[in-house]
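K.L.:
The structure follows.
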Amino acid sequence: MAKTTFFSTEPIFFKCIYIFTFILFSYFLYETIFIDEEERSGLILYLMVLFGMYFIRRFYLVNNRKKNKNNPTQFDK
C-alpha cells in the first residue's frame, strides 16, 4: 500500500496552489538569473503569499494532528 504523504492528503484546491507556486518559483529563479533587474515582473510578492499559505496550512494541519493525538475521542479508546 502506498504511504500517505502531506501532498497526497491535501484537497485538490491546495494541490493546484502548490503546483502553481512551484511554477511561479521556477519562473522567479529564471528572472533572477537571466533578466536584468529593471525588467523583472515583481512576482516575488505573489510568491511570498503562496509560500505563506503553504506554511500556514502545513502548520495548522500538524498542530491539528498533535491535538487529536493528545485528546482521543471516545471511539479511539
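The values are calculated or read from the model by the stated rules, or taken from the named source; none is laboratory data. All values derive from a computational prediction rather than experimental measurement. Cβ coordinates were reconstructed from backbone atoms using ideal geometry, including for glycine residues, and neighbour counts include every protein chain displayed.
K.L.:
Kindly list the number of the only condition in (1) modelled with pLDDT of 85 or more; (2) surrounded by 13 or more Cβ atoms within 10 Å (Cβ to Cβ) that fails for Y46.
P.N.:
Tallying (1) modelled with pLDDT of 85 or more; (2) surrounded by 13 or more Cβ atoms within 10 Å (Cβ to Cβ), Y46 fails exactly one: (1).
K.L.:
Now a separate question. Going by the structure shown, is R65 surrounded by 13 or more Cβ atoms within 10 Å (Cβ to Cβ) and not polar (S, T, N, Q)?
P.N.:
On the way: surrounded by 13 or more Cβ atoms within 10 Å (Cβ to Cβ): no; not polar (S, T, N, Q): yes.
So R65 does not fit the description; no.
K.L.:
Looking at (1) part of a loop (DSSP other than H, G, I, E, B); (2) surrounded by fewer than 11 Cβ atoms within 10 Å (Cβ to Cβ), find the lone condition where I23 falls short.
P.N.:
(1)
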